[in-house]
Amino acid sequence: MSAAEEHKIVPVIALHAGAGTIRRDTMTPEQETAYRAGLRDALEAGRTVLLAGGNAMDAVTAAVVSMEDNPLFNAGRGSVFTSDRTHEMDAAVMSGVDRACGAITGICGPRNPVLAARAVMEKSEHVFLAGDGARRFTETSALTMMPPTYFDTESRLKALEAELAHRASGASDDHDEARKHGTVGAAALDVHGNVAAATSTGGMTAKMPGRVGDSPVIGAGTWADNRTCAISATGHGEYFIRFAVGHEVDARMRLCHESLAKACADVIKEVGEMGGSGGLVAVDAHGNVALPLNCSGMYRAWMGRDGVVHTAIFHDDDE
Ligand code: ASP
């Protein structure tokens, strides 16, 4: 092996499609097969870009687009409903090269909100656009736009009705918050040594219109810096914002010289101890991959340095 080959950077990618109360005893084999197929498709979309020598930003975008188009996942097509029976989507992308980033919140229109976030990064002088201005920006950004009904799915409507009925019954909100959410995201390292992250979500079922979660908040649900890592988080967004999860992991690595595995595991544990269920996927510039979670499951898939594709759903499940 030549010196050049020896130092060749091996690309890696990790993705998630939401975390929460995901139990073996309530999932049918058909559902499990469908989730694993969706995860594998998304991983394949990102992996294809990376193995062709493409960049990490294109890889994470491709993986997230695949999951946004899959109605099983809470992003794009399968987005949950707000309490007003509308959809308000959030997304963000970040490049580890120069901390370039773009984010969008509270929109319903672009078929792929992650592409809208990327357009904010690449075609505007800003990093974060919201509401009506965001929508107008996306309409002029050559993105595919869809009518609101495109995002309506039967299963999300049922989830909304169940949540509204639960609230109307006056029962205390002691049921697992984790059942109400979901998100998709990816983090990757390319052959050029650059990392990137992307996250996209419909947010939480029956959320108050106008509510913004952690996914589009740079430094909370999404983060990338070549010196440390790329991260996409999923979970109860209010807690992930309060803990500045993405930046917290970055700071522990950069300033305290912690490993990716330790920084990610400790932060997710601490968020859980505060009451925030969820997890994250992360990669660093050395090709390490971390996928910690503090709840019973996280839909996830990854390809590490060995090139092997894995999918996993339950906490103790590392296929
Ligand atoms: N973090 C997302 C939000 O709070 C939801 C999730 O990841 O499940 O909007």
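The values are calculated or read from the model by the stated rules, or taken from the named source; none is laboratory data. Quick caveat, the model's predicted, so the values are computed rather than measured. Please note: Cβ atoms are built from the backbone with ideal geometry, for glycine as well, and neighbour counts cover all protein chains shown. Side chains included, ligands, DNA and RNA excluded: accessible areas come from the protein's heavy atoms. Shrake-Rupley method; radii C 1.70, N 1.55, O 1.52, S 1.80 Å.
Summing Lys, Arg as +1 and Asp, Glu as -1, what charge do residues with Cβ under 11 Å from the Cβ of ARG99 carry, ARG99 excluded? It works out to a net charge of -2.
Computed from Cα atoms, the angle from the helix 29-51 axis to the main principal axis of the chain rounds to 40 degrees. Here each label is just a point 7 Å from Cα along the line to Cβ, and for ALA130 and HIS166 those points are 2.7 nm apart.
Computed over the Cα atoms of the range 116-257, pair by distinct pair, the Kirkwood hydrodynamic radius stands at 17.2 angstrom. Only protein heavy atoms count here; under a 1.4 Å probe, MET145 has an accessible surface of about 60 Å². Scoring 291-298, 90-97 by mean Cβ neighbours within 10 Å over their residues and listing the highest first yields 90-97, 291-298.
Between rounded, prolate and oblate, where does the range 1-74 land on the alpha carbon gyration tensor, with a ≥ b ≥ c its root eigenvalues, rounded for a/c under 1.5, else prolate if a/b exceeds b/c?
Prolate is the answer for the range 1-74, as a/c is 1.5 or above and a/b outweighs b/c.
The listed residues TRP302, TRP223, once ranked by accessible area (1.4 Å probe) with the largest placed first, stand as TRP302, TRP223. Pairwise alpha-carbon distances in the chain exceed 24 Å for 47% of all pairs.
Among ARG167, ARG135, the order of accessible area from largest down is ARG167, ARG135, computed with a 1.4 Å probe on protein heavy atoms.
At 1.4 Å probe radius, can you tell me the per residue accessible area of the chain in Å²?
That works out to 40 Å² per residue.
Counted over the chain, the DSSP beta bridges are approximately 90% antiparallel.
Where both bridge residues fall in the range 52-147, DSSP classifies roughly 65% of the beta bridges as antiparallel. Each of VAL309 and LEU255 was given a label point 7 Å from its Cα along the Cα-to-Cβ line. The distance between the two points is 4.0 nm. Rounded to the nearest 20 debye, the dipole size of the range 124-260 about its Cα centre is 80 debye, using +1 on the Cβ of Lys and Arg and -1 on the Cβ of Asp and Glu. Calculated FRET efficiency, GLU139 to ASP41, Cβ-Cβ distance, R0 = 22 Å: about 0.15 to the nearest 0.05.
Basic side chains Lys and Arg get +1 at the Cβ, acidic Asp and Glu get -1 at the Cβ, and with that the dipole of the chain about its Cα centre reaches some 400 debye. Here the range 1-90 exposes an accessible surface that is 53 percent carbon and sulfur, computed with a 1.4 Å probe and the other protein chains kept in place. Computed from label points 7 Å out along Cα-Cβ, the spacing between TYR150 and GLU273 is 4.5 nm.
The lysine pair count for the chain, using Cα distances under 28 Å and pairs eight or more places apart or on different chains, is 6.
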